[in-house]
Amino acid sequence: MDIRWENTQFVQSVADISQFPDIDLPQVAIAGHSNVGKSSLLNALFGRKGLVKTSKAPGCTRLLNLFSVDDAMLVVDLPGYGFARAAKKEQAQWRALIEHYLAGEHAPRLILSLMDIRHGPKDSDLRLIEWLNDRGLRWLPVATKADKLSGNARGKRLQEMTQALGGMLSPLSTSCLNKRGIDDLRDMLQKEMRSS
Ligand SMILES: Nc1nc2c(ncn2[C@@H]2O[C@H](COP(=O)(O)OP(=O)(O)OP(=O)(O)O)[C@@H](O)[C@H]2O)c(=O)[nH]1
Ligand SMILES: [Mg+2]
């Protein structure tokens with residue numbers, strides 16, 4: 001049976017990894033630079049405007065926010081990294097939270113690495129990807145805000161991003177404004193989370 005995406009519920013926010021609940025569902029985590037569109041993409045994926053809090057100001061998501069989708073998977077919205085205006089101490093705390101989660105006992109099955117299609121992978125994205133690769137964690141690239149570029153420019157940028165990521169993985173192009181790529185993302189996640 002197909003996953004009913006709109007049947008999504010907020011589970012809880014986690015500020016320290018010791019608070020992570022014991023939920024026996026396959027997990028996917030959404031990682032990326034602050035303001036890249038992580039929370040917006042989740043609203044589009046769930047088809048539920050406003051379930052995930054979004055903001056024009058970077059640094060909106062500061063905790064791990066857990067969502068259970070149709071009792072079939074757990075989706076984890078991560079705090080954005082690279083938010084320069086946040087205090088160093090706070091940045092270090094978010095980083096520790098993300099790293100404890102991704103490398104710990106509650107590690108997700110898959111990490112979506114989100115990058116703004118206009119900017120491609122930044123140094124901080126490449127550092128995260130290297131960190132994931134070093135630990136054998138699975139990730140897939142997703143390009144956000146695809147509505148910001150015209151067709152030709154979009155194709156060219158996607159090719160450049162593929163090259164910058166090592167040539168093996170092409171980003172899935174998405175937009176939460178015109179819903180481009182959202183159904184593909186749903187299909188992909190449904191397959192990934194159902195495979196054992
Ligand atoms: N044009 C366009 N704007 C988008 C898209 N996705 C997100 N945005 C805008 O980008 C800004 C940031 O979106 P968020 O979803 O809050 O970003 P985030 O990655 O969750 O940010 P943090 O929680 O701070 O890490 C908001 O102003 C969104 O409206 C998109 O697909 N197209
Ligand atoms: Mg957010």
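The values are calculated or read from the model by the stated rules, or taken from the named source; none is laboratory data. On a predicted model such as this, the values are computed, not experimentally measured, just so you know. We place every Cβ from the backbone using ideal geometry, glycine too, and count neighbours over all the protein chains shown. Surface accessibility is based on the protein's heavy atoms, side chains included, excluding ligands, DNA and RNA. Shrake-Rupley method; radii C 1.70, N 1.55, O 1.52, S 1.80 Å.
Based on what the data block shows, is residue 149 closer than 18 Å to residue 184 by Cα and not acidic (Asp, Glu)? Spelling it out, it is not the case that residue 149 is closer than 18 Å to residue 184 by Cα and not acidic (Asp, Glu). Scanning segment 136-145 finds one or more residues that are surrounded by 14 or more Cβ atoms within 10 Å (Cβ to Cβ) and on the phi > 0 side of the Ramachandran plot. A single entry from 126, 169 fulfils the requirement of being farther than 24 Å from residue 104 by Cα, hydrophobic (A, V, I, L, M, F, W, C) and more than 16 Å from ligand 1 (Cβ to nearest atom): 169. When you look at residue 20, is it open to solvent by less than 50 Å² (accessible area, probe 1.4 Å) and not polar (S, T, N, Q), yes or no? In short, yes.
Selection of segment 39-83 for residues being surrounded by fewer than 17 Cβ atoms within 10 Å (Cβ to Cβ), at pLDDT 85 or above and within 8 Å of ligand 1 (Cβ to nearest atom) yields only 53. Restricting attention to segment 162-175, does a residue exist that is loosely packed, with under 15 Cβ neighbours inside 10 Å and in a helix (DSSP H, G or I)? Scanning segment 162-175 turns up at least one residue that is loosely packed, with under 15 Cβ neighbours inside 10 Å and in a helix (DSSP H, G or I). Here residue 55 does not qualify as touching a residue at least 60 places away in the same chain (Cβ under 8 Å) and polar (S, T, N, Q).
Annotation note: Cβ proximity below 6 Å between a residue of segment 14-40 that is in contact (Cβ under 8 Å) with a residue 60 or more places away in the chain and a residue that is among the polar types (S, T, N, Q) and within 9 Å of ligand 2 (Cβ to nearest atom) (sequence gap 6+ or interchain) occurs for 40/54.
For residue 34, the stated conditions hold: it is crowded, with 19+ Cβ neighbours inside 10 Å, modelled with pLDDT under 95 and within 11 Å of ligand 2 (Cβ to nearest atom). Scanning for something closer than 27 Å to residue 183 by Cβ and touching an Asp or Glu at 6+ places or on another chain (Cβ under 7 Å), does segment 90-108 turn up at least one residue? Scanning segment 90-108 turns up no residue that is closer than 27 Å to residue 183 by Cβ and touching an Asp or Glu at 6+ places or on another chain (Cβ under 7 Å).
Residue-wise test of (1) closer than 26 Å to residue 24 by Cα; (2) in a helix (DSSP H, G or I).
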| residue | (1), (2) |
| --- | --- |
| 90 | no, yes |
| 98 | yes, yes |
| 106 | yes, no |
| 115 | no, no |
| 121 | no, no |
| 124 | no, yes |
